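Single-structure report; data block below.
The values are calculated or read from the model by the stated rules, or taken from the named source; none is laboratory data. Quantities reported herein were computed from a predicted structural model and do not represent experimental measurements. Virtual Cβ from ideal backbone geometry, glycine too; neighbours counted across all protein chains shown.
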Amino acid sequence: MTVSQAARCPYRDDDRPAADPCADYLPLRGAEPVRWDEDLEVWIVSGFRETTALLRHPALSAAWPQRGTTTLHQAAGGEGRASEVVRRWFMFNDDPQHAAARRIVAPLFAADRLAAMRPSVEKLVDELLAGRTGGLDVMADLAAPLSSRVVCQLLGLPEEVAPRLYDWAPDIAALLIADYLPEVRTRGHRVLQEIAEVVDETLRSEVPEGSGLWLLRNAHREGVIEAADIWATASLLIYAGFETTSTFIGKAVRAALHAGAWSGVQTGEPAAVVDELLRFDTSVQQVARVATAPVEVSGHRIAAGDLVLLMLGVANRDPVVFADPDVLDYGREIRRHLTFGFGAHYCLGAGLARLESEVALERLGSRWAGVVLEEQPVTRQHFGITVLEHLTVRGTAS
């Protein structure tokens, strides 16, 4: 797909409601790439180069659930953030704890293992699309069941657990951003307890050799981790593996259709198509860090203890780095985007997310000559997060 054929961002039309969180955050490009938000009392970083530098800065800690608070938390009484289970997630810890915990489940995402998984992912997508000659809800019929079942297979959970991920994910997502609200903490903690119970029940049976729970159980038996770390890592993989991948598949289809760029999905090189869609509209718009020592960046001094929000979605549209960043161009040569982060905390499951997305888009693109929106996408606000609930499409003959 050449640049002249590419379509501009479908979410930049100010005459209609924002169709995606990307539209809410893009106006930040008009501000400084690093700025202090007086209302929330946090640093907001939106420049690509500044975000990249801070993602790997040794004085910026990923352990913000333990260390970071906002004015909203202080107003709510200053209770501890998130929960003990979430605070044990390796993505919210720094090295050496982060590296040690990550190493336990890293074999699940090794290149050879992902290559071996491709046929089963293709078979699953084909099963989900079988018999659908007319309309298809990309979220309910494809993205959600695909990601949930793949995560269960990866962990060694029974297949019947997969539909429960649909209900678990929103409450965990809310816990990560709005844990200053009592009802959010109550619902989030209940979900984490349910996951722990499912994990324990599964571990009482024979789990598949090499699965996530098999690796975690062995690490616990060897004294490398505690029982609580099994629940924590399982809940992390359940949430991140399901929520971010299913959301991206839906958003990728929506972006391509809204931009009039679906033909490029069908004719483009799958890996390049997915990479540009990941840059264009990531499912994770921001990550948080907390400063453990003063940090100098772009003429600003971040003080020890300050919370920093790194706006990945805006950085991926930085015109200083990406020419015509609001153009969806499958022929774009991307040296690097920040969808999966950068540095030591680069997303461990990036390869699996790419695999699922490539197969889903390939199969969907080859199923019909053309694809159009059957109706406008259905979204809802969930504690500050725009959730894509339904995306109904219809195949056409041309």
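From the list ARG335, ARG301, which one is free of Cβ contacts under 8 Å to residues at least 40 places away in the same chain, part of a loop (DSSP other than H, G, I, E, B) and surrounded by fewer than 17 Cβ atoms within 10 Å (Cβ to Cβ)?
Answer to the selection: ARG335.
I'd like to check something: does segment 208-219 contain any residue that is crowded, with 23+ Cβ neighbours inside 10 Å and among the hydroxyl-bearing types (Ser, Thr, Tyr)?
no
Would a scan of segment 233-240 turn up a residue that is farther than 22 Å from PRO107 by Cβ and part of a helix (DSSP H, G or I)?
No: zero hits.
Taking ALA116 as the residue in question, decide whether it is surrounded by 12 or more Cβ atoms within 10 Å (Cβ to Cβ) and either assigned to a helix (DSSP H, G or I) or of a type in the set (A, V, I, L, M) (or both).
Judged against the criteria, ALA116 is not a match.
Examine segment 352-367 for a residue that is farther than 27 Å from LEU142 by Cα and either buried (at least 16 other Cβ atoms within 10 Å of the Cβ) or free of Cβ contacts under 8 Å to residues at least 40 places away in the same chain (or both), and state whether such a residue exists.
no
The conditions are (1) part of a helix (DSSP H, G or I); (2) in contact with a Gly (Cβ under 8 Å, 6 or more places away or on another chain); (3) within 25 Å of SER366 (Cβ to Cβ), and THR133 fails exactly one of them. Which is it?
(1)
Out of all the residues in segment 254-271, which are of a type in the set (A, V, I, L, M, F, W, C), in a helix (DSSP H, G or I) and closer than 18 Å to ARG394 by Cβ?
Of everything in segment 254-271, those that are of a type in the set (A, V, I, L, M, F, W, C), in a helix (DSSP H, G or I) and closer than 18 Å to ARG394 by Cβ turn out to be ALA255, ALA256, LEU257, TRP262, VAL265.
Restricting to segment 245-292, give me the number of residues that are crowded, with 21+ Cβ neighbours inside 10 Å, at pLDDT 90 or above and among the hydroxyl-bearing types (Ser, Thr, Tyr).
Residues in segment 245-292 being crowded, with 21+ Cβ neighbours inside 10 Å, at pLDDT 90 or above and among the hydroxyl-bearing types (Ser, Thr, Tyr): 3 in total.
Scan segment 362-386 for residues that are closer than 12 Å to LEU129 by Cβ and among the aromatic types (Phe, Trp, Tyr) and jot them down.
TRP368 - this is the single residue of segment 362-386 that is closer than 12 Å to LEU129 by Cβ and among the aromatic types (Phe, Trp, Tyr).
Mind checking which pairs have a first residue in segment 369-398 that is at positive phi and a second that is part of a loop (DSSP other than H, G, I, E, B), Cβ under 9 Å, 6 or more apart or different chains?
Partner pairs satisfying both residue conditions: PHE383/ALA178; PHE383/LEU181; GLY384/ALA178.
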